[in-house]
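Remarks on the structure that follows.
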Amino acid sequence: MNVVRENVAHSMKKLSTLAAFVMALSLSARSQMTAATSGTNFVLIPSASWNCGMPDGIPTPESGTLVFTAKLKYESHDLGTTPFGKRRVFVLSEGTGTGDKLNAKIMSGGLDFELKFANGAMELEQVLVLKTDDGKFIYLKTLGTAANSNDLRVVADFEAPTASNYGWINSGRYVGRRQLDEAAQTMTLTVFDLTSVTNSLNTANSVRVKKPDSVPNQPLDFRHAGSAEKRGDAIVTEEVTLGASQSVGATKLGGRNIIPITGGTLHGKISGKVLAGGADYQHLGNPVTLDARYLWQTDDGEVIIVRNGGPISSLAPVFEANVDGKYAWLNSGKYLSTPPSMRAGAVSLTFYESKE
């Protein structure tokens, strides 16, 4: 009997030791991840479909030099699950960006498109407009990603007037963080200049963003209409009210003009309103290309992302809606848009189903 007791005690001791070992391994892994993500040499490797312009890895932002920090109030819209994942959109209020290298007002109406996946990974896109103390406008687009929500990094791409004092910001590498205080409904955006930082990538100091295989890739560009597409049945007519133009002027990518969207109405197969926020981020090339990003809110409360882009004579809107909602049909169709019909402070457009 004593032998049995000793064997049982020995087995229990081995199980206890094994459990402690497993827990130690778990704690070690977590501590290594914490050490890696807090170190200045930790590199985040984005997925190929959303590489944020840094496919070889995004260094820790704080390893660079501070450009500016801004804190902004926001209004959030939870779209639920769309074809690309769990989607939230934040409409940003006016704020101020301050720093050693840049001081500017952040114009109201900026959009932040957040996408979360079931495994905790994230993708992010922001479109913002800055106004400097001397009245120059700067277009800022950021693309971000995260392996988990504790380490979201954004890569910032600036378009400033090349002939201004801010032309220097058109080149270089800029990485930042976007952080939410959901209780206060504020967003902090911090951007660093990493132009002189070497990306010392190795397996010991990197984490790769893993996106679920079953989720389709969200597009970076607007849809380009095919030459054979024709207008079918009308689905929606919208009246969109506009703010004053924000002319960036000639930038590294050509001319840029931004027309803020301040509201509006829609009727047809969908009725509701155009929410204040977003803009038509026009590229003044040959031909002029429109790229309007904004939100609809239906009469029954659902929020839908709208992107209407292309040459003025060949606009092709796309929509993103809840896959389980009343307007899920918008996700899979092809659509065409009339050119904007101008009137004082507003435009009118009609969207059609596309047919070939």
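The values are calculated or read from the model by the stated rules, or taken from the named source; none is laboratory data. Values in this document were obtained by computation on a predicted structure and should not be read as measured data. Every residue, glycine as well, gets a Cβ built from its backbone with ideal geometry; the counts of neighbours run over all protein chains shown.
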Do we find that ASP299 is more than 19 Å from LEU115 (Cβ to Cβ), out of contact with any Phe, Trp or Tyr (no Cβ under 7 Å at 6 or more places or on another chain) and surrounded by fewer than 21 Cβ atoms within 10 Å (Cβ to Cβ) in this structure?
yes
Within the stretch 160-180, which residues are surrounded by 15 or more Cβ atoms within 10 Å (Cβ to Cβ), of a type in the set (A, V, I, L, M) and over 19 Å from ASN103 (Cβ atoms)?
VAL175, LEU180
Within the stretch 21-42, identify whether any single residue is within 21 Å of the chain's Cα centre (by Cα) and modelled with pLDDT of 80 or more, and answer yes or no.
no
Which listed residue, of THR132, THR145, is touching a Pro at 6+ places or on another chain (Cβ under 8 Å) and buried (at least 18 other Cβ atoms within 10 Å of the Cβ):
THR145
Please verify whether ILE270 is touching a strand residue (DSSP E or B) at 6+ places or on another chain (Cβ under 9 Å) and part of a strand (DSSP E or B), treating the condition exactly as stated.
no
Filter pass, ASP233 being farther than 27 Å from SER47 by Cα, modelled with pLDDT of 95 or more and not polar (S, T, N, Q)
yes
Looking for something of a type in the set (S, T, N, Q), over 19 Å from PRO55 (Cα atoms) and surrounded by fewer than 20 Cβ atoms within 10 Å (Cβ to Cβ) - is there at least one such residue anywhere in the stretch 201-211?
no
Would you point out which residue out of GLY85, GLY97 is buried (at least 18 other Cβ atoms within 10 Å of the Cβ) and on the phi < 0 side of the Ramachandran plot?
GLY97
Odd one out for ASN308 among (1) closer than 17 Å to LYS269 by Cα; (2) within 21 Å of the chain's Cα centre (by Cα); (3) of a type in the set (S, T, N, Q):
(1)
Report, by residue number, each residue of the stretch 127-145 that is more than 17 Å from GLY109 (Cα to Cα) and within 12 Å of the chain's Cα centre (by Cα).
LEU143, GLY144, THR145
Filter the stretch 182-193 for residues that are of a type outside the set (Ser, Thr, Tyr) and either in contact with a Cys (Cβ under 8 Å, 6 or more places away or on another chain) or over 24 Å from VAL209 (Cβ atoms) (or both); which is surrounded by the fewest Cβ atoms within 10 Å (Cβ to Cβ)?
ALA183
Single condition SER214 does not satisfy, out of (1) modelled with pLDDT of 95 or more; (2) assigned to a loop (DSSP other than H, G, I, E, B); (3) within 30 Å of VAL323 (Cα to Cα):
(1)
Could you tell me which of the residues ASP324, ASP300, ASP291, ASP280 is within 26 Å of LEU92 (Cα to Cα), of a type in the set (Asp, Glu) and part of a loop (DSSP other than H, G, I, E, B)?
ASP300
Condition broken by ARG231, with the remaining ones in (1) more than 30 Å from ASN103 (Cα to Cα); (2) of a type in the set (Lys, Arg); (3) crowded, with 21+ Cβ neighbours inside 10 Å satisfied:
(3)
Residues that are without any contact (Cβ under 8 Å) to a residue 24 or more places away in the chain, part of a loop (DSSP other than H, G, I, E, B) and either over 14 Å from ALA292 (Cβ atoms) or among the β-branched types (Val, Ile, Thr) (or both), drawn from the stretch 228-267:
ALA244
